[in-house]
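A.B. asks: Sharing a structure with you now.
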Amino acid sequence: MTDATNVTDPTETTGPTDTTHMAEATAATGAATAAGTLEYAYAVVREADTPHAALERVRGVAGEPVRAVRHLGLAVLAGPVPAADFDEGPLRERLEDLTWLEGVARAHQQVVDAAGADTCVIPVRMATVCRGEEGLLRLLASGRDRFATALDRLEGRVEWGVKVYAASAPAQEPSAEPSAASSGRDYLRRRSAQRRASEQRWEHTEEGARRVHETLAAVAEGSRLHPPQDVRLSGEADRNVLNAAYLIPHEESEAFAQRVGELAGLETALRLELTGPWAPYSFVAAEGNGRAEP
Amino acid sequence: MGERDPVTTAYGSPSASYGSSAAYGASGPSGLATRGESANLADILERVLDKGVVIAGDIRINLLDIELLTIKLRLIVASVDKAKEMGIDWWEHDPSLSSRARRAPVENGTSEEAAG
């Protein structure tokens, strides 16, 4: 059992009662090490900007500690993950498991954004897994130019998400009492008036959403429009008419949030939701000049 | 898992806590409402699955393989259970998804959940 101490697992605080578990873990790790321990990559930073404090606070997608692996002036934030879940075959299967996927997605985001709170991070797409540290070094080497360019472009910027919802229709005006629906013609007339009103409201909503986007895009360094979220996904009762991300210099975040608040006050037919700050996920790819339209 | 629940962003003073959200509603007394829930799964998936640098690791997972699932995920609520509660379980009947599921002989412990 002596080689249990050779397992490089910084989390190990295993008590004597866990010896059998340790033995199993050792066996499993041993097997994985033969083929190279699997390393899950979260994000890339400049070596000099490694967010040590944040890394101490977070745990990765497998509950593992996350560290920085340095190379070429860059560092990739990564953690060892079990082959049982993250080797090619199992991973493909696991990704089809929505509950598992959600857990990994949330953990991935927490690592990226915790690190991103302290420094400029370039998020790596979820489920990027390498074999051993050599694999991580290869990843840094092959992406070196792209990472460097993105870091230069995004340094000091954060992403804010703004979603606009059509505010729920005003409670149906208790127009003329129901008893007044004396004739079928009255009824039809009222129905068509209602339809016109709702079409009009919809037009106003769309115009309002466009105004919100134009206003915010004008103050942002970049913007991206994501597809509106389906009500079944967002759990929001109201229809999502704008789902945008804006790239904002860190120090302008407060002003941006205020701007959103002001817009919310002006656009009474809309409901606005602000999320962030996020690491600049949506801006990693330099599409167009940041004024991309869908 | 390193729980780091995003905190509500106080209006006008965004904190350093990432992934928090504030809602500005026309209906609120001051036209402003904040809410303290953790980041919406849709917002997270949109970013971690769709964005970020695509660079080949050694484990070759073609996300296109699960792209179909990803697209459909956009339609799914916070969790499978919640979705099922709402009667949204089309993926279980979706031929393209279930054929893939069949192709991969899965021996995981989720059968009780699937039966639920």
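A.B. asks: Of the residues that sit in the stretch A:89-118 and are at the interface with another protein chain (Cβ under 7 Å from one of its Cβ atoms) and among the hydrophobic types (A, V, I, L, M, F, W, C), which one is nearest to the chain's Cα centre (by Cα)?
C.D. replies: Residue satisfying both the conditions and the ranking: A:A105.
A.B. asks: List the pairs whose first member sits in the stretch A:247-275 and is more than 9 Å from chain B (Cβ to nearest Cβ), whose second member is buried (at least 20 other Cβ atoms within 10 Å of the Cβ) and assigned to a helix (DSSP H, G or I), and whose Cβ atoms are under 7 Å apart, counting only residues at least 6 apart or on separate chains?
C.D. replies: A:L247/A:F283; A:I248/A:F256; A:R259/A:L216
A.B. asks: Any residue at all in the stretch A:137-154 that is assigned to a loop (DSSP other than H, G, I, E, B) and either touching an Asp or Glu at 6+ places or on another chain (Cβ under 8 Å) or at pLDDT 70 or above (or both)? So that I can check it myself, show each step before the final result.
C.D. replies: So the first thing to find is which residues in the stretch A:137-154 are assigned to a loop (DSSP other than H, G, I, E, B), and the list is none.
Checked against the condition, which is being assigned to a loop (DSSP other than H, G, I, E, B) and either touching an Asp or Glu at 6+ places or on another chain (Cβ under 8 Å) or at pLDDT 70 or above (or both), the stretch A:137-154 yields no hits at all.
A.B. asks: Considering each residue of the stretch A:51-84, count those that are within 11 Å of another protein chain (Cβ to nearest Cβ) and either surrounded by fewer than 17 Cβ atoms within 10 Å (Cβ to Cβ) or aromatic (F, W, Y) (or both), and give that number.
C.D. replies: The qualifying residues number 5.
Table: residues versus (1) modelled with pLDDT under 95; (2) assigned by TED's automatic domain parsing to the domain that holds A:V164; (3) in contact with an Asp or Glu (Cβ under 8 Å, 6 or more places away or on another chain).
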| site | (1), (2), (3) |
| --- | --- |
| A:Y246 | no, yes, yes |
| A:P249 | no, yes, yes |
| A:T268 | yes, yes, no |
| A:G276 | yes, yes, yes |
| A:R291 | yes, no, no |
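The values are calculated or read from the model by the stated rules, or taken from the named source; none is laboratory data. Just so you know, these numbers come straight off a predicted model, no measurement behind them. Heads up, the Cβs are rebuilt from the backbone with ideal geometry, glycines too, and the neighbour counts pull from every protein chain shown.
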